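Visitor: This is the structure, below, for whatever I ask next.
The values are calculated or read from the model by the stated rules, or taken from the named source; none is laboratory data. Every value quoted in this text rests on a predicted model; they were computed, and no experiment measured them. A quick note on method: Cβ atoms are made from the backbone with ideal geometry, for glycine too, and the neighbour counts reach across all protein chains shown. For accessibility, only protein heavy atoms count, side chains too; no ligands or nucleic acids. Shrake-Rupley method; radii C 1.70, N 1.55, O 1.52, S 1.80 Å.
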Amino acid sequence: MNFLDLASSRFSVRNFSSRPVEKEKLAQILKVAQIAPSAVNFQPWHFYVVTQTATLEKLHACYHREWFKTAPVCIVVVGNHSQSWKRKPDDKDYCDVDIAIAIDHLTLAAHDLGLGSCWVCNFNLEKCRQLFNFAPHLEPIALIPIGYPADETKPEKKRKKFDEIVTWIE
């Protein structure tokens with residue numbers, strides 16, 4: 001599959017089968033996230049891979065959606081603000097940008113291996129911090145549930161028209 005087809009066919013999965021995810025596949029998608037570009041190559045990320053049922057159940061308290069409970073794996077993506085690059089003129093912290101690039105790599109790699117995923121950003125940050133006892137400079141930025149999709153129903157993707165988002169300056 002070419003890259004355009006891969007990116008076009010990926011979608012947010014919100015219903016996972018109970019089939020366990022192979023550790024080798026998880027390692028492969030994390031290796032793809034590891035090679036993602038980051039500002040000044042600082043790589044201010046860490047990936048906590050939660051597969052243990054007891055910890056997953058505690059993590060469910062951070063995001064109260066029934067579908068979230070169906071994922072057999074959840075990756076907690078954490079940004080390290082003490083390691084991220086800051087732009088000099090305005091001190092903009094590029095941690096979130098770097099993390100977004102790594103997550104995009106991760107979700108596309110998961111899709112390429114037949115796994116589904118979903119970005120979850122609207123979760124209880126403080127509960128997540130407490131669960132993993134994160135230091136103040138470590139920010140849980142996203143929860144990424146991963147697993148085999150329970151069905152192959154792909155939602156329709158609504159996108160703006162190409163000319164609405166692209167301006168050619170020649």
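Visitor: Does the range 142-165 contain any residue that is touching a strand residue (DSSP E or B) at 6+ places or on another chain (Cβ under 6 Å), aromatic (Phe, Trp, Tyr), open to solvent by less than 70 Å² (accessible area, probe 1.4 Å) and part of a loop (DSSP other than H, G, I, E, B)?
Guide: No, there is no match, as no residue in the range 142-165 is touching a strand residue (DSSP E or B) at 6+ places or on another chain (Cβ under 6 Å), aromatic (Phe, Trp, Tyr), open to solvent by less than 70 Å² (accessible area, probe 1.4 Å) and part of a loop (DSSP other than H, G, I, E, B).
Visitor: If I filter the range 36-46 down to residues being in a loop (DSSP other than H, G, I, E, B) and open to solvent by less than 50 Å² (accessible area, probe 1.4 Å), which single residue comes out as nearest to residue 104 (Cα to Cα)?
Guide: Per the stated criteria, the residue is 36.
Quick grid of which residues meet (1) part of a helix (DSSP H, G or I); (2) at pLDDT 95 or above; (3) closer than 18 Å to residue 113 by Cβ:
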| position | (1), (2), (3) |
| --- | --- |
| 8 | yes, no, yes |
| 21 | no, yes, yes |
| 48 | no, yes, no |
| 57 | yes, yes, no |
| 60 | yes, yes, no |
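Visitor: Let me ask you something else. For the range 109-126, enumerate the residues that are part of a helix (DSSP H, G or I) and either touching a strand residue (DSSP E or B) at 6+ places or on another chain (Cβ under 9 Å) or within 15 Å of residue 48 (Cα to Cα) (or both). Outline the logic, then answer.
Guide: From the range 109-126, those part of a helix (DSSP H, G or I) are 109-112, 125-126; that's our starting set.
Selection gives 110, 111, 125.
Visitor: Can you tell me which residue within the range 95-141, out of those that are among the aromatic types (Phe, Trp, Tyr) and closer than 14 Å to residue 46 by Cα, is most open to solvent (accessible area, probe 1.4 Å)?
Guide: 132
Visitor: Only one of these conditions is not met by residue 70: (1) more than 24 Å from residue 155 (Cβ to Cβ); (2) in contact with a strand residue (DSSP E or B) (Cβ under 6 Å, 6 or more places away or on another chain). Which number is it?
Guide: (1)
Visitor: Write out, first by first residue and then by second, each pair whose Cβ atoms fall under 8 Å of each other, whose residues are 6+ apart or on separate chains, and whose first residue, in the range 89-105, is in a helix (DSSP H, G or I) while the second is buried (at least 19 other Cβ atoms within 10 Å of the Cβ) and aromatic (Phe, Trp, Tyr).
Guide: Once the first residue is in a helix (DSSP H, G or I) and sits in the range 89-105, its partners that are buried (at least 19 other Cβ atoms within 10 Å of the Cβ) and aromatic (Phe, Trp, Tyr) give 98/45; 99/45; 102/45.
Visitor: Confirm whether residue 169 is in a loop (DSSP other than H, G, I, E, B), among the β-branched types (Val, Ile, Thr) and out of contact with any Ser or Thr (no Cβ under 8 Å at 6 or more places or on another chain). Lay out the reasoning, then the answer.
Guide: Details: in a loop (DSSP other than H, G, I, E, B): yes; among the β-branched types (Val, Ile, Thr): yes; out of contact with any Ser or Thr (no Cβ under 8 Å at 6 or more places or on another chain): yes.
Against the criterion (in a loop (DSSP other than H, G, I, E, B), among the β-branched types (Val, Ile, Thr) and out of contact with any Ser or Thr (no Cβ under 8 Å at 6 or more places or on another chain)), residue 169 qualifies.
Residue by residue, here is whether (1) more than 18 Å from the chain's Cα centre (by Cα); (2) surrounded by 13 or more Cβ atoms within 10 Å (Cβ to Cβ) holds:
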| residue | (1), (2) |
| --- | --- |
| 17 | yes, yes |
| 34 | no, yes |
| 48 | no, yes |
| 53 | yes, no |
| 59 | no, yes |
| 66 | yes, no |
| 74 | no, yes |
| 83 | yes, yes |
| 86 | yes, yes |
